[in-house]
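The values are calculated or read from the model by the stated rules, or taken from the named source; none is laboratory data. Keep in mind that what you see is a predicted model, and the values were worked out from it rather than measured. Positions of Cβ are generated from backbone atoms using ideal geometry, with glycine treated the same way; all protein chains shown enter the neighbour counts. Just the protein is used for accessible areas: all its heavy atoms, side chains included, with ligands, DNA and RNA removed. Shrake-Rupley method; radii C 1.70, N 1.55, O 1.52, S 1.80 Å.
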Amino acid sequence: MRKELASLPTTSAYWSRASSELLVELDSNRSGLSSADAAARLERYGRNVLRTERERGWWRTLLGQFRSPLVLILVSAALISLVVRDWLDAAIILAIVLGSALLGFVQEYRAATAVARLRARVAIQVATLRDGVSVRIPVAEVVPGDVVMLAAGSLVPGDAIVLEAKDCFVTQALLTGESLPVEKHDTPTAAAAALTERSNCLYMGTSVRSGTARALIVLAQRPVETDFERGLRQFGYLLTRVAVLMVLAVFTIHVFFDRPTVESLLFAVALAVGLSPELLPAILTVTLAHGARHMATRGVIVRRLNAIESLGSMDVLCADKTGTLTEGVMRLERAIDADGHDSENVLRAAVLNAHFQTGLVNPLDEAILDAGHRYAADLGGWQKLDEIPYDFTRKRLSIAVRGPRDDTATTLITKGAVREVLAQCTTIQHASAVETLSQARRQELEEQFRQLSQQGHRVLAVATREFRGKTVFTRADEMELTFSGFLLCRDPPDPDAARLLQELSQLGVRVKMITGDNRYIATHVAQAVNLDDGELLTGETIESMRDEALWHAVRNTSVFAEVDPGQKERIIRALRHTGHVVGFLGDGINDAPALHAADVGISVERAVDVARESADLVLAMHDMEVLRDGIIEGRRTFANTIKYIFITTSANFGNMVSMAFASLFLPFLPLLAKQILLNNFLSDIPSVFIARDRVDSAWVRKPYHWDIATIRRFMMTFGLTSSVFDILTFVVLLALVAGDIEQFRTGWFTESLLTELLVMFVLRTYKPFWRSRPGRLLGWSTLVLVGLTLLLPYLPFAGAFDFVALPMPLLTAVVVISVLYVVVTEWIKRRVYRL
């Protein structure tokens, strides 16, 4: 929403007011808004989305290029130069600052626009009543007064009041910290009720765990946007703080030695700008957005850019078996009675249950309806009376129906996990008779279930209960059921899964199966795909374990079976606690907590809303091969991001620090502010093309982590190497220029820029630089700028920057020093990478 909250309809303490009153106040009704009214409200209140770069507008992105305090100080100093009538220097400095800003703006805005298009591909939609008809619209178009229809798996698109609900349980742990789903109803609560006590309220970003609800949107308020590339930005801010300290120190010392004030200020600020990676946000956005676009061509949509780094660093992937290790196509093979014979009665009951349930559409119900299509096509005489929705505690779903032959008899049909259904049964259907379910017979059924599961079947149980005159049902009615039989479904192991697991292992990624299915079928699938022979843990065992015991157990466990959503989250957190970078692949409503807990949450395009919204990456297909390609691309993107950090922290740090040091001893400034800024601007141009650089295979073979200590060591090692050659350059220049300050500055500018450009070829690769060909744009842009650097002192406009033509001996010395620097840096690099 673009408007302030005050512009929205007054809905204070709405949880304490009758829904009819709120409908009047919001000028809405239980059938929703008209299309025209909704369009007018959308125009008035704005879109219900986060403030992404695309939505900020191009002008805000442009202004954002000037947010660095160093740039603002530099502009201020240039304005002071205008005041003292130093027109040319001021104009040059302002032109370079503007050029750098435009370079960053063009790259950052294009990247942000491209990412916005990718995110639009996986935009969440919600069922909304418009003109009295339920239509699916993007969450971004939801407005106050809309009436939305929610079911299991739905994401709540805005703060809302419940108009009606049926067994509606909502997960709001991310908002309130409550670990269990909370039941919602349409009864108003007290005005003073705490957030957790407002049982008639739904909050934006929470999700429906089970049941259904009709809700009135009273306020579409955005959640806080997370920091972008936190670790990388913190590194940039660290260098910026160092740069500000440099400004103060260098400027103070120069003034103490009675150097010209304005000139000293410009020099100090230009040094700081040269040291700080002011293009870091733009370069990172470009690199990550380029990676996101490339990953999109491989079927991986990036919703949060910083997840690319996490995907490349991932060393453990946790996933359900369905669609990941199996083909993901569920088929109902048989419906059998308690004696193991094919049963039309069991199939008919299952079809009725699957047809009339209104919860989340799922592959099991689709398989049942497909196999029992002859029954599904002839349900006109059947009437649904009530429904007890599925939840992950009961693990079953019940439908109350009335048949065409008897309008007083009601049948409750329950379908679900075998153990949970069997626990509610007291009788068993045997042929045409109903018998008491003895303990011995119960054990026989459990053994039958075990054997069927070990054969690779996903087994469900079906049970019924007859009622007379009853039309409203609750969970308390799911008792004294009559066991009818089993449904045998099969989702065969993916024939390519074993190969893909081996390839992921070669990439340093270990796969662990986390499933709610029983231990027998989990073991069957694990053996079929050669999932490594670790231990197996069940949810029951995990429930009894302390965190410390679980931390130890997860290391050697490859299969987790019979787990609930909370246990999935515990497993993920335990793996992270032991030092792993963990990815989680999930697509169901029970996967949201684990997706949030993982370092990188991965879902699929056809997943439920809450899973896609919780994910950092969305796969076009539930396919391990797509994910493998995404991991490789993520590592390439991460590698190119680190390259920019390495190159910036080595070349810039060494050059600027040695220049600041030399300025304290030379009787003149080693470089003018405009020369430093030109150096910085020209050296940044090739950096824009790092996103398209080639990547060594070593970066892809194993996961790498963002490591400040490594970067610090890299910066000190190669920065000091650069400083040594800067000192050598000082000595040579002082010996050759015979007191000519302009020649000294021109020579140092040439050497400084040459070394910054040439060292890019060395530091971009682990290999000897002559064995690793750079990307076409990076290579050619660097070579063009090397040529421009050598020609610059001889060009007609060189005088504007106070450059002079260099004598051939001096130019030769500068080139020799630059080449020697490249050779020594390559030698040091090979020893650093051996450590």
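For this structure, a couple of remarks:
- In summary, Ala639 fulfils each of the numbered conditions (1) assigned to a helix (DSSP H, G or I); (2) open to solvent by 10 Å² or more (accessible area, probe 1.4 Å) with the single exception of condition (2).
- In segment 350-361 there is no residue matching the filter, namely being outside any helix (DSSP H, G or I) and open to solvent by less than 10 Å² (accessible area, probe 1.4 Å).
- Residue list for segment 438-474, restricted to those being closer than 17 Å to Lys395 by Cα and loosely packed, with under 15 Cβ neighbours inside 10 Å: Glu446, Thr474
- Hits in segment 595-618 (condition: outside any helix (DSSP H, G or I) and closer than 21 Å to Ile571 by Cβ): Ala598, Asp599, Val600, Gly601, Ile602, Ser603, Val604, Ala607, Val608, Ala615, Asp616, Leu617
- Counted as qualifying within segment 740-835 are the helices (runs of 4 or more DSSP H) with 1 or more residues that are free of Cβ contacts under 8 Å to residues at least 40 places away in the same chain, open to solvent by 50 Å² or more (accessible area, probe 1.4 Å) and closer than 25 Å to Ala662 by Cα, namely 808-832.
- Verdict on Leu671 being buried (at least 24 other Cβ atoms within 10 Å of the Cβ) and in contact with a Phe, Trp or Tyr (Cβ under 9 Å, 6 or more places away or on another chain): yes
- A Cβ distance below 7 Å, combined with a sequence gap of six or more or placement on separate chains, defines the contacts here; from segment 429-454, residues that are farther than 25 Å from Arg490 by Cα reach residues that are not β-branched (Val, Ile, Thr) in the pairs His430/Ala338; Leu437/Cys425; Leu437/Phe483.
- Scanning segment 170-211 for residues that are open to solvent by 40 Å² or more (accessible area, probe 1.4 Å), modelled with pLDDT of 80 or more and either within 22 Å of Gly153 (Cβ to Cβ) or part of a helix (DSSP H, G or I) (or both) gives Glu183, His185, Asp186.
- In segment 580-593, the residues that are modelled with pLDDT of 85 or more and not in a strand (DSSP E or B): His580, Val581
- Selected residue [crowded, with 21+ Cβ neighbours inside 10 Å and touching a strand residue (DSSP E or B) at 6+ places or on another chain (Cβ under 9 Å)] from Met624, Met656: Met624
- When Phe392 is tested against (1) touching a strand residue (DSSP E or B) at 6+ places or on another chain (Cβ under 9 Å); (2) open to solvent by less than 30 Å² (accessible area, probe 1.4 Å), only condition (2) is not met.
- Yes/no for Ala735 being over 21 Å from Phe661 (Cβ atoms) and small (Gly, Ala, Ser): no
- Among the residues of segment 461-478, those identified as of a type outside the set (Asp, Glu) and modelled with pLDDT under 95 are Phe467, Arg468, Gly469, Lys470, Thr471, Val472, Phe473, Thr474, Arg475, Ala476.
- Among the conditions (1) open to solvent by 30 Å² or more (accessible area, probe 1.4 Å); (2) farther than 30 Å from Val804 by Cβ, Phe714 misses just one, which is (1).
- In segment 7-49, the residues that are open to solvent by 70 Å² or more (accessible area, probe 1.4 Å) and modelled with pLDDT under 80: Thr10, Ser12, Arg47
- Checked against (1) at negative phi; (2) more than 20 Å from the chain's Cα centre (by Cα), Glu562 passes all but condition (1).
- Only one of the numbered conditions (1) of a type in the set (Gly, Ala, Ser); (2) modelled with pLDDT of 70 or more; (3) in contact with a helix residue (DSSP H, G or I) (Cβ under 8 Å, 6 or more places away or on another chain) is not met by Ala215, and that is (3).
- Residue ID - modelled with the lowest pLDDT, chosen from residues in segment 554-565 that are over 15 Å from Val316 (Cα atoms) and buried (at least 18 other Cβ atoms within 10 Å of the Cβ): Pro565
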